[in-house]
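Written out below as structure tokens is the structure these notes cover.
The values are calculated or read from the model by the stated rules, or taken from the named source; none is laboratory data. As the structure is a prediction and not an experimental result, all values here were calculated from the model. Every residue, glycine among them, receives a Cβ derived from its backbone with ideal geometry; neighbour counts consider all protein chains shown. The area values use the complete protein model at the heavy-atom level, side chains included, leaving out ligands, DNA and RNA. Shrake-Rupley method; radii C 1.70, N 1.55, O 1.52, S 1.80 Å.
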Amino acid sequence: MKTAIMSAMYEELNRITKQMNISRKTKIGNRTYYEGEFCGQEVVVVFSHWGKVAAALTATTLITRFGVEKIIFTGVAGGISPDLRIGDIVVSRNLYQHDMDSSPIFPRYEIPLLKNNHIETPETEIDKAFNIIKDFINEDFSRNFPAEELERFHITKPQVIVGDIASGDEFVSETSGTRQRIINDLPTVLCVEMEGAAVAQVCHDFDIPFVVIRIISDSANDDAHIDFPRFIENIASIYSEKIVEKLLF
Ligand code: SAH
């Protein structure tokens, strides 16, 4: 099965592009698509840039130009559930677009003409991701990371949770406003990011399985931690590499 590995940021995937067997690099629409083999599987790796439009463009190209049969999205997200800490992992169930609002024509959050306000992740993809991530966490998790980096971000034993994710074209960083509205209106949402629901909608329309896996990088509030590039480079990119490796095997 030809699988796409997609992230919003280059740094999240550079460990994978460095290790994979690259057979071809193609530039389309300001993105570079790396085709080749990783862990014995045929893959296309790409970083989409941030936001829903960028993600939708990239997912569409992966499906229509590269013929991928599945999309795995990995990246970071802001946790809004009080149960989530930095370093925890969320596997997507329902994906909402928290900035979708065509009311009064359709109810707020409903995706026009889809008669639904969310897209569901296929159950088999959820189960697979959840189980391999549980193994990743339980099997000597910390040996994969520089000890001082885990300490810096206070990560000891992360948890993996399956749940709802909300995407929108906004970096949510204030306790008031968007964050509070999402908590009120979409109470099952665990974390926020800027791409997942767009990828989900494209996959839904093309009938392609997908899963979104998000590592919590901040709490989508006033004290979103300061050393973001360091978190991506030394923590999130290692999570992505190890999780994708296990998913493909
Ligand atoms: N402000 C940071 C980078 C933002 S990261 C910096 O200083 O570098 C934005 C990316 O991370 C997006 O791709 C989005 O999907 C994800 N993300 C992480 N935390 C988020 C949050 N609180 N709100 C929205 N997106 C978030």
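What the table shows:
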{"item": "Span from the segment 31-74 Cα centroid across to the segment 122-193 one, whole angstrom", "result": "22"}
{"item": "Segment 3-248: relative contact order as a whole-number percent, Cα under 8 Å and 6+ apart", "result": "30"}
{"item": "Residue-wise HN-Hα coupling along segment 155-171, computed from phi with Karplus coefficients 6.51, -1.76, 1.60 (Hz; x: Gly, Pro)", "result": "9, 10, 10, x, 10, 10, 10, 8, x, 8, 10, 10, 10, x, 7, 7, 7"}
{"item": "Solvent-accessible area per residue for segment 3-248 (1.4 angstrom probe, square angstrom)", "result": "44"}
{"item": "When each of Lys2/Lys25; Lys134/Lys246; Lys27/Lys242; Lys128/Lys242; Lys18/Lys70 is checked by Cα-Cα distance, pairs over 20 Å", "result": "Lys27/Lys242; Lys18/Lys70"}
{"item": "With eigenvalues of the C-alpha gyration tensor scaled by 5 and rooted, segment 35-98, Å", "result": "26, 16, 10"}
{"item": "Under DSSP loop assignment and at most 16 Cβ neighbours within 10 Å, longest GluC sites (Glu not before Pro)-free interval of the chain", "result": "175-249"}
{"item": "Highest average packing first - 157-165, 207-215, Cβ atoms within 10 Å", "result": "207-215, 157-165"}
{"item": "Given charges at beta-carbon only (K, R positive; D, E negative), |dipole| of segment 3-248 in Debye", "result": "520"}
{"item": "Two-decimal ratio, segment 3-248, of alpha-carbon radius of gyration to 2.2 N^0.38 Å", "result": "0.96"}
{"item": "Segment 1-92, dipole about Cα centre (Lys/Arg Cβ +1, Asp/Glu Cβ -1), debye to the nearest 20", "result": "360"}
{"item": "DSSP bridge pairs, the chain: antiparallel proportion in percent, nearest 5", "result": "45"}
{"item": "P(r) tail fraction, segment 170-241 - alpha-carbon pairs more than 17 Å apart, %", "result": "56"}
{"item": "Selection from Val46, Ala220, Pro112, by position along the positive dipole direction of the chain (Cβ)", "result": "Val46"}
{"item": "The chain, helix-only ellipticity at 222 nm - DSSP H runs n ≥ 4, -39,500 (n - 2.57), divided by all residues, nearest 500", "result": "-9500 deg cm²/dmol"}
{"item": "Positive-end residue, segment 59-153 charge dipole about Cα centroid, Cβ charges, pick of Thr74, Thr124, Met100", "result": "Met100"}
{"item": "Accessible surface of the chain, 1.4 Å probe, proportion on carbon and sulfur as whole %", "result": "49"}
